1. Taking the Cα centroid of the stretch 202-223 and of the stretch 18-45, what is the distance between the two, rounded to the nearest whole Å?
2. Can you work out the FRET efficiency for the pair Asp225 and Lys188, with r the C-beta to C-beta distance and R0 = 22 Å, to the nearest 0.05?
3. How large is the charge dipole for the chain, taken about the Cα centre, if only the Cβ atoms of Lys, Arg (+1) and Asp, Glu (-1) carry charge, to the nearest 20 debye?
4. At a threshold of 8 angstrom on Cα-Cα distance, excluding pairs fewer than six apart, so keeping six or more, what relative contact order does the chain reach in percent?
5. Full extension from Glu156 to Thr143: what is 0.36 nm times the residue separation minus their Cα-Cα distance, to one decimal in nm?
6. Above 15 Å lies some portion of the pair distances; for the stretch 140-250, what is it as a whole percent of all C-alpha pairs?
7. Which order do the peptides 13-20, 54-61, 138-145 come out in when sorted by mean C-beta neighbours inside 10 angstrom, highest first?
8. By how many nm would the segment from Tyr263 to Thr207 grow when fully extended, if each residue of separation counts as 0.36 nm and the alpha-carbon distance is taken off?
Amino acid sequence: MVTFKDFRNTIKPNWCPGCGDFSVQASIQRAAANLEIEPHELAVVSGIGCSGRLSGYINAYGLHGIHGRALPIAQGLKLANRDLNVIATGGDGDGFAIGMGHTVHSIRRNIDVTYIVMDNQIYGLTKGQTSPRSAAGFITKSTPGGAIEPSLKPLEVALSSGATFVAQGFSTDLKELTAMIEEGMKHKGFSFINVFSPCVTYNKVNTYDWFKEHLTKLSDIEDYDSSNREQAMQTVMKHEGLVTGIIYQDTETASYQEKVKGYSENALTYENLELGEEKLDELMKEFM
């Protein structure tokens, strides 16, 4: 029987004490164990930033990619080996700035990958600059007079881009976060999960207490229907994106893989492919 401990390795996370990313890591590990996924059946691909370190802290296949490019790698990995459960992770700077183009088109494409964004409304690894998720008026080293631009609204972007699974969690609610990651991993198609993961070092505005005061659980909204895209968008806009739970899920739309004609029944990794030294040298010369 797989347990949470099976996904632990010997590397100690070097996040700041109190960082919300600890809970995101624990939720991924718990979700994988609850779904009885073995470590060799899970791959975690991460981008750059504090959250980018996560792929090295879980006992599974891990790849620490380059800034904003976790999603292309994760999608290629899933298409090459469908037997893998693939999770992509990153921060709001990674996913909503340099990687925004990949985020939107990954949502639109609907490949069976779970994307978890650790949203702390600031650039943490580079020591506290305004991010696309920082609110107007937000003061940092890069905007000493306060941010002029409004913050990006990721849930509205996801819904309007055709997402088939949209959820949002808060890092202190481990039970709810674990459950929504489980549902995201079971979903056939692209799963977008935004997680409020406070930065205790550089963001003194969007703190744990601030979120506890402002967040609304969708489970507390009477007659909320997560299969109704219009209601999902209206609810998100009404609450200015400050909701938690499964916001929208479409179980009818086929995933990218299901739409590709001639898509092999067997994962490429199991095909009898032989690549000798001579052929490898020939291929490598193309890149020299």
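Nothing in this text is a laboratory measurement; each read-out follows from the coordinates by a stated rule. All figures in this text were calculated on a predicted structure; none of them were measured in a lab. We place every Cβ from the backbone using ideal geometry, glycine too, and count neighbours over all the protein chains shown.
1. Distance between centres, Cα-based: 23 Å.
2. Working: r = 20 Å, r/R0 = 0.91.
My answer for the efficiency is 0.65.
3. Working: 26 positive and 35 negative charges, 175 e Å.
Computed charge dipole of the chain: roughly 840 debye.
4. On the way: 570 pairs, mean separation 50.3, N = 288.
Reported relative contact order: 17 percent.
5. On the way: separation 13, 0.36 × 13 = 4.68 nm, distance 2.51 nm.
Computed gain between Glu156 and Thr143 is 2.2 nm.
6. On the way: 4013 of 6105 pairs.
Of all Cα-Cα distances in the stretch 140-250, 66 percent exceed 15 Å.
7. Working: 13-20: 15.6, 54-61: 21.0, 138-145: 14.0.
Highest to lowest by the protection proxy: 54-61, 13-20, 138-145.
8. Working: separation 56, 0.36 × 56 = 20.16 nm, distance 4.63 nm.
Gain in length upon complete extension: 15.5 nm.
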